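Asks: Below is a structure I'd like to ask you about.
The values are calculated or read from the model by the stated rules, or taken from the named source; none is laboratory data. Remember, predicted model here, so these are calculated numbers, not experimental data. Heads up, the Cβs are rebuilt from the backbone with ideal geometry, glycines too, and the neighbour counts pull from every protein chain shown. Ligands, DNA and RNA are stripped out before the accessible areas are found, and what is left, the full protein with its side chains, is counted by its heavy atoms. Shrake-Rupley method; radii C 1.70, N 1.55, O 1.52, S 1.80 Å.
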Amino acid sequence: MGGSKRKTHISSNIKDVQAYMKERVGVGISYDLEFRELVLLKRKVQLYFLNGQVSDLVAIEIIKKLVSINDEESNQKKLFEIVENRLANLSVEHTNTMDEAVNQMLSGLIIVFVDGEKKAFIVDVRDYPGRQPEEPDTERVIRGSRDGFTENVIINTALTRRRIRDARLRHEMLSVGERSKTDVCLCYIKDIANDEMIELTKDKIRSIEIDGITMADKALEEFIIENKWNPFPLVRYTERPDVAANHLFEGHLLLIVDTSPSVIILPTTYFDHLEHAEEYRQSPAVGTFIRWSRLLAVFASLFLLPLWLLFSMEPTLLPKTLSFIGPNEEGTIPVAVQIILAVLGVEFVRMAAVHTPTPLATALGLIAAVVIGQIAIDVGMFSPEVILYIAISTIGVYVTPSYELSVANKLLKLLLIIITALFGVPGFLIGLLLSTLFLVNMNSLRTPYLWPFIPFNAGAMLKFIFRIPVPFSEGRPSIVYPKDTISQEVKN
C-alpha cells in the first residue's frame, strides 16, 4: 500500500491520546464516533468505538465490568493486567501504535487506552448492520441450500467454514484502500492450493494503491486482472457458499470482499462460467441433460442471429429442405438493421426493468413484448421472424449461468451481426476466427481461458460434457496446479 509511512506510537499520557483521536479521527465532531472515559483506581481509562458497528449491549457490559474494578480491586500498579482480565471477550489483542488502533476502531472494534501505558487493547465486538443469509436471486436451484453470502465478510467466512471443517482452511485478511481500509479475505486450503498462485494474488492485492474500492469486488478484480478492457469475465462470481466451497476443494482461491455479497473465484476458465449448481443437485443423467440444454441455449444466444442473418442474405447456402429459413416479408427496414434495433430494444427493456419498482416490472415487460412488438410488426417495421429469433436468442442469454459471460456474449453476438451484415460469408467466418483466436490467447492468472478445450485435456473435457457421478470424480483440475491431485484420498 504505497510507500512506507512512519508509525505513531501510543503515548503513555492519555491526554496526548485523546488529542490525537480528536485531530486524526474527529472524536467529538463525528456523531458516530463514541468516546467514554472512566476513572479506575484513580487512573483514567478511555474507550473508543463506532456507533452502529458495535453491539450496544456488549459495549455496556464491558463498561460495567470495568467500573466494577473500583469495588473489587486495589492494586493500581497492575491496572493494565486487571483490565485485560476483565475484558472477557473472544478476541482481545494488544497494539502499540495509534495507526493500528485507529484502523481497528474504524473497522468496528473497541479500543481501550489506559493512562500510563504505551499499549492499548483491541476488543472485537463487531456487529455490522446488514441482512441475514438468503438464497441469491441469480443462482436459484430447485434442490439445495437456501443460504447465500451477504455483505458481511465475517458471516461469509463463517458460511465457508461451516462447509469446510478442515484445519488447513485458511482465511487471510488483507486491507485495500488508503482511506477505505476495506477488508479483503483471501481464502484457500493450504495443502491443495498452489503456493505460487497464492503469493501472486497476495502481491497483486498488496500493490493496490487507491483511496478506496467503493465498488468492492468489481474494483478489486480490475486491479488483479491485466486485460482490463476485456469484456469476457476472467474471474467467476458466486453468491452461493456451496459453489465457493466446491471450488476450494478443487484448488481455486476465493476473495471475499467486505460489503459485497459476491465472492470472487480465481483462476477460472470460459467453461467454468457455463456450469451451474443445479446440475449437481440432480442425478448425473438429469444433470447432463440440463447442461446440454444450457449449452444449446448459450450457443443459440451467440450464433442464432448471425447465422439466420447470413442465410437470409445468402439463401443458396441452405439445402432445399431448409429453404423456409429467412424472412417471408422484407419489411421497410433492412433485415440487419431490424436485428440490431431489436437487440438494442431488448437491452433497453432490460435496463428499464432494473430501474423499475418490482410491482411495475411485470407490466413493463408485457407492454414491451406484446404492445410494442406487435405494433412494430403491424406497421412493417419488423418482420415476425426477426421477433421470433430475437426472443430465442434473448432466452439463451438469460439461461447463461454467469451474468458477466452473458453480457460478453451479447457484445460478441452484436459484433458478428455487424460484420456479417457488412461482408456476408467472409465476414462471418473472419469474425468467428478472430473471436476464437482472441479467446485462445486470453489468460486468467496465467491460466489458459479455453482450457480444457485449448490446450486439450480429454479427461477434463469429458467431465465438462458429462456430469460425472461424484464417486468417479477423483482428480482435481490440473490447470490450477494443486498440490494434492486426488480429491478422495484421506490424509491426516
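Asks: Please specify each residue of region 185-209 satisfying the condition of being surrounded by fewer than 16 Cβ atoms within 10 Å (Cβ to Cβ) and closer than 21 Å to Thr160 by Cα.
Replies: Listed by number, the residues that qualify are Lys190, Asp191, Asp195, Lys202.
Asks: Can you tell me how many residues within region 102-118 are on the phi > 0 side of the Ramachandran plot and either surrounded by fewer than 16 Cβ atoms within 10 Å (Cβ to Cβ) or assigned to a helix (DSSP H, G or I) (or both)?
Replies: The number of residues fulfilling the criteria is 1.
Listed here are the residues, each with its yes/no results for (1) of a type in the set (A, V, I, L, M); (2) at pLDDT 75 or above; (3) touching a helix residue (DSSP H, G or I) at 6+ places or on another chain (Cβ under 6 Å); (4) not in a loop (DSSP other than H, G, I, E, B).
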{"position": "Ser312", "(1), (2), (3), (4)": "no, yes, yes, yes"}
{"position": "Thr332", "(1), (2), (3), (4)": "no, no, no, no"}
{"position": "Val349", "(1), (2), (3), (4)": "yes, yes, yes, yes"}
{"position": "Leu366", "(1), (2), (3), (4)": "yes, no, no, yes"}
{"position": "Ile372", "(1), (2), (3), (4)": "yes, no, no, yes"}
{"position": "Val407", "(1), (2), (3), (4)": "yes, yes, no, yes"}
{"position": "Ile417", "(1), (2), (3), (4)": "yes, yes, yes, yes"}
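Asks: I've got another one for you. Specify which of the listed residues (Gly424, Gly431) is open to solvent by less than 40 Å² (accessible area, probe 1.4 Å), at pLDDT 80 or above, closer than 30 Å to Asn227 by Cβ and touching a helix residue (DSSP H, G or I) at 6+ places or on another chain (Cβ under 9 Å).
Replies: Gly431
Asks: Looking at region 21-50, which of its residues are farther than 18 Å from Gly108 by Cα, part of a strand (DSSP E or B) and open to solvent by 20 Å² or more (accessible area, probe 1.4 Å)?
Replies: Passing the criteria: Glu37, Val39, Arg43, Lys44.
Asks: Taking region 66-81 on its own, how many of its residues are modelled with pLDDT of 90 or more and open to solvent by less than 80 Å² (accessible area, probe 1.4 Å)?
Replies: 7
Asks: With the structure loaded, tell me whether Tyr270 is of a type outside the set (A, V, I, L, M, F, W, C), within 23 Å of Leu200 (Cα to Cα) and open to solvent by less than 30 Å² (accessible area, probe 1.4 Å) or whether it fails that test.
Replies: Here the answer is yes, as Tyr270 does meet what is asked.
Asks: Out of all the residues in region 389-399, is one or more in contact with a Phe, Trp or Tyr (Cβ under 9 Å, 6 or more places away or on another chain), more than 11 Å from Ser301 (Cα to Cα) and of a type outside the set (Lys, Arg)?
Replies: No.
Asks: Which one of these is at pLDDT 90 or above and part of a helix (DSSP H, G or I): Leu412, Leu450?
Replies: Leu412
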